[in-house]
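J.: Have a look at this one before I ask anything.
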Amino acid sequence: MAPPPTLSMSSNNVLDKMSPPRQQQSRLEKGRKQLPAGIALPCSEQILRKLSVSSSEDERQTGFEMLQEGIRTILGPSSGIDSDDVNVEDLMDIMTRYHSIESEWKDFALEEPTRGYTRNGVDNINNKANLLLLVWNPGKGSCIHDHADAHCIMKILKGNLVETLYEWPEEGVEGPMKVIKESVRSEQQVAYMSDKIGLHRIKNPSETEVAVSLHLYTPPWAAEYGCSIFDENTSKSSKVNMSNLYSWRGELQEKAGGDSC
Ligand SMILES: [Fe+2]
């Protein structure tokens with residue numbers, strides 16, 4: 001394997017834009033030590049360094065743009081769209097490395113106080129993944145939902161979100177949903193979710209502040225086929241359409257879909 005390219009000072013600066021704060025680097029450092037000799041860098045870091053070199057002449061590229069480009073590179077132009085073909089570790093790694101700066105993504109973050117939250121489209125990556133930016137109004141949250149047999153990686157860009165994890169209900173059994181655990185996801189943190197883990201609900205616990213999260217769904221099954229939502233008291237499920245977005249790349253959509261859950 002070819003060694004990583006030598007970085008100029010300016011490209012190091014670009015890498016710095018993507019680097020998480022020191023306290024978030026422990027998992028990455030641990031992962032590096034487990035790599036065999038000769039493979040000193042995780043895939044996402046090698047990709048970032050290549051991106052840094054290619055973008056070193058264009059200092060206008062933001063960390064958020066580099067993140068999108070890195071996700072595109074990891075997903076690749078020709079690999080299959082089956083869930084098992086996606087390297088979740090690399091995607092989580094690159095999302096962890098992005099340090100959220102509001103000015104970089106605020107144009108995508110359209111708010112609407114009359115809704116629980118808004119779903120704003122940022123990117124569709126080769127029809128393999130959707131990148132959405134969700135703006136959560138104070139005290140509001142989603143329904144309990146599944147993820148249509150896809151991966152979901154969520155990074156908190158602003159504020160905190162509470163994730164409540166539920167067991168899948170037994171088929172044909174009516175009763176309250178069973179909570180597995182509740183986790184607070186804080187600003188800059190990255191979390192992974194899939195149907196293999198269970199079902200979940202996301203809520204903004206703040207009474208006054210909006211929270212913003214970035215969601216990578218791959219493959220984009222929920223947008224194509226919808227997902228299921230579950231009644232907290234009865235566990236009954238129903239199908240919902242998730243194809244309508246509130247905005248697309250900063251432009252309000254005609255149908256302006258939002259929080260159908
Ligand atoms: Fe979710």
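J.: Taking only pairs that are 8 or more places apart or on different chains, how many Lys pairs in region 61-204 have Cα atoms under 18 angstrom apart?
T.: For region 61-204, the number of qualifying lysine pairs is 11.
J.: Something else now. Among 176-189, 64-77, 194-207, what's the highest-first ranking by average C-beta atoms within 10 angstrom per residue?
T.: 64-77, 194-207, 176-189
J.: Let me know the shape class of region 100-181, please: from the alpha-carbon gyration tensor, a ≥ b ≥ c as square roots of the eigenvalues, rounded when a/c is under 1.5, otherwise prolate if a/b is greater than b/c, or oblate.
T.: prolate
J.: For region 103-252, what is the Kirkwood hydrodynamic radius in Å, using each pair of distinct C-alpha atoms?
T.: Answer for region 103-252: a Kirkwood hydrodynamic radius of 15.6 Å.
J.: Treating only the Cβ of Lys, Arg, Asp and Glu as charged (+1, +1, -1, -1), what charge dipole size does region 91-140 show about its Cα centre? Round to the nearest 20 debye.
T.: In debye, rounded to 20, region 91-140 gives about 200.
J.: What's the magnitude of the charge dipole for region 103-252 around its Cα centre, counting Lys and Arg as +1 and Asp and Glu as -1 at the beta-carbon? Answer in Debye, nearest 20.
T.: 200 debye
Where a number appears in this text, it was derived from the coordinates with a stated rule and is not lab data. Quantities reported herein were computed from a predicted structural model and do not represent experimental measurements. Neighbour counts run over all protein chains shown; Cβ positions are idealised from the backbone, glycine included.
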